[in-house]
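Here is the structure we will look at.
The values are calculated or read from the model by the stated rules, or taken from the named source; none is laboratory data. In this text, all values refer to a predicted model and were calculated from it rather than measured experimentally. Virtual Cβ from ideal backbone geometry, glycine too; neighbours counted across all protein chains shown.
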Amino acid sequence: MTEAQFTHQAEEDARNQDILIWVNGALKPRAEALVSVYDSGFMLGDGVWEGLRLYNGVWAFLDEHLDRLYEAAKAIDLDIGMPRARIADALEETRIANDMRHDVHARLMVTRGAKIRPFQHPGLSRSGPTIVIIMEHSRPKIARPIRLATVPHLRGLPMTQDPKLNSHSKLNCILACIAAEKAGADEALMLDVHGFVNTTNACNFFIIRKGEVWTSTGDYCMNGITRAKVIDLCRAHQIPVFERNFSLVECYGADEAFLTGTFGAQTPVAEIDGRQIGDGQMGPITARLRQLYMDMVGA
């Protein structure tokens, strides 16, 4: 049986044992970077976050990530308590303190802060937000194209938990991931409420059919920044691209498939529900888009 892997798999790096983590304005060694057991994020998953990637000393698409962070915080009525310029400064402080320049991943997390009692009401969070930046040396280690399995868990409607929110409440996606692993796959392919193909539990999803690039409408998934960049690159380079509804049948017959995300950029898909996609390797259009994306980042 093929060894399992996942889309955020990275090479082991001993330097990560000695990283400094930014916690509410202070840089702390990994073992001392702690938050309260009363914290809203720990207790209820009440918070929002961003993942960022460092290339040659520059945080890729920083403005877009901060836009999304502040928009999500506003949507859940969470006051971050500092301007975006201060958050950008905190990222730079943490980068310099850890002497990091390339192949680095940051997780920027904001919760509603510590509660005075262990209950749900947001008014019980009175200490102000908790803000944490974890920054690690992180080179992707994807040994082969990803295998997907369709799962029964759906990406839901906006009036339940809007899938466009990058929230700390990820249990639905975690259960989808577990279901996929139980089925012998690496990651879960999730449908929307109408039964159309939507996204995976951790990444956005694309297929390629007869030279056309397809992705979901975006109505029921995180509108990823890397997803948007791929769509922009297709349009700029005359590659037909469509945000549309499509079915599993159309996925099984695809010539290529790939995932997008900040960590892995573009990750090829080898099979879906046991059906091989193309020749099971990275296809030519996926490879071209990956190179175009790296050129964009390099610029």
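Would you point out the residue of the range 276-295, among those that are among the hydrophobic types (A, V, I, L, M, F, W, C) and within 19 Å of the chain's Cα centre (by Cα), that is surrounded by the most Cβ atoms within 10 Å (Cβ to Cβ)?
Out of the qualifying residues, it is 289.
Please pick out the residue among 63, 103, 162, 79 that is surrounded by 13 or more Cβ atoms within 10 Å (Cβ to Cβ), assigned by TED's automatic domain parsing to the domain that holds residue 37 and of a type in the set (Asp, Glu). Explain how you work it out, then say what you get.
Details: 63 fails: surrounded by 13 or more Cβ atoms within 10 Å (Cβ to Cβ); 162 fails: assigned by TED's automatic domain parsing to the domain that holds residue 37; 79 fails: surrounded by 13 or more Cβ atoms within 10 Å (Cβ to Cβ).
The unique qualifying residue is 103.
Could you grab the pairs with beta carbons closer than 6 Å, sequence gap of 6+ or different chains, first residue in the range 208-231 and outside the structural domain of residue 64 (by TED's automatic domain parsing), second one small (Gly, Ala, Ser)?
209/254; 226/261
In the range 233-243, is there at least one residue being assigned by TED's automatic domain parsing to the domain that holds residue 198, of a type in the set (D, E, K, R) and more than 21 Å from residue 200 (Cα to Cα)? Break it down stepwise before answering.
So the first thing to find is which residues in the range 233-243 are assigned by TED's automatic domain parsing to the domain that holds residue 198, and the list is 233-243.
Retained after the next criterion (residues that are of a type in the set (D, E, K, R)): 235, 243.
Pick out the ones that are also more than 21 Å from residue 200 (Cα to Cα) and you get 235.
For the range 233-243, residues assigned by TED's automatic domain parsing to the domain that holds residue 198, of a type in the set (D, E, K, R) and more than 21 Å from residue 200 (Cα to Cα): present.
Just the residues that are outside any loop (DSSP other than H, G, I, E, B) and either crowded, with 21+ Cβ neighbours inside 10 Å or not small (Gly, Ala, Ser) (or both), please, taken from the range 218-238.
Hits for the range 218-238 are 225, 226, 227, 229, 230, 231, 232, 233, 234, 235.
Scan the range 239-274 for residues that are aliphatic (A, V, I, L, M) and outside any loop (DSSP other than H, G, I, E, B) and jot them down.
241, 248, 249, 257, 259, 265, 269, 270, 272
Please tell me if residue 114 is at pLDDT 95 or above, over 16 Å from the mean Cα position of the chain (by Cα) and not aromatic (Phe, Trp, Tyr).
Details: at pLDDT 95 or above: yes; over 16 Å from the mean Cα position of the chain (by Cα): yes; not aromatic (Phe, Trp, Tyr): yes.
Spelling it out, residue 114 is indeed at pLDDT 95 or above, over 16 Å from the mean Cα position of the chain (by Cα) and not aromatic (Phe, Trp, Tyr).
Do you know which residues across the range 62-86 are touching a residue at least 40 places away in the same chain (Cβ under 8 Å), closer than 16 Å to residue 22 by Cβ and within 23 Å of the chain's Cα centre (by Cα)?
Residues satisfying the conditions are 65, 69, 80.
Mind listing just one residue for me: the one in the range 240-287 that is among the β-branched types (Val, Ile, Thr) and more than 22 Å from residue 183 (Cβ to Cβ) and, of those, modelled with the lowest pLDDT?
Just the residues of the range 240-287 that are among the β-branched types (Val, Ile, Thr), to begin with: 241, 249, 260, 262, 267, 269, 272, 277, 285-286.
Filter once more, so that each one left must be more than 22 Å from residue 183 (Cβ to Cβ): 241, 260, 262, 285-286.
Details: 241: 98, 260: 97, 262: 93, 285: 98, 286: 98.
Among those that are among the β-branched types (Val, Ile, Thr) and more than 22 Å from residue 183 (Cβ to Cβ), it is 262.
I'd like the full set of residues that are within 17 Å of the chain's Cα centre (by Cα), part of a loop (DSSP other than H, G, I, E, B) and buried (at least 18 other Cβ atoms within 10 Å of the Cβ), limited to the range 42-60.
The answer is 60, and nothing else.
Is one or more of the residues making up the range 215-224 out of contact with any helix residue (DSSP H, G or I) (no Cβ under 6 Å at 6 or more places or on another chain) and farther than 25 Å from residue 157 by Cβ?
Quick first cut of the range 215-224, residues out of contact with any helix residue (DSSP H, G or I) (no Cβ under 6 Å at 6 or more places or on another chain) only: 215-224.
Filter again for farther than 25 Å from residue 157 by Cβ, leaving none.
No: zero hits.
Does at least one position in the range 198-217 carry a residue that is at pLDDT below 95, surrounded by 15 or more Cβ atoms within 10 Å (Cβ to Cβ) and of a type in the set (Ser, Thr, Tyr)?
Taking every residue of the range 198-217 in turn, none turns out to be at pLDDT below 95, surrounded by 15 or more Cβ atoms within 10 Å (Cβ to Cβ) and of a type in the set (Ser, Thr, Tyr).
Of all the residues that make up the range 119-166, how many are modelled with pLDDT under 95, farther than 30 Å from residue 279 by Cβ and not in a loop (DSSP other than H, G, I, E, B)?
The qualifying residues number 4.
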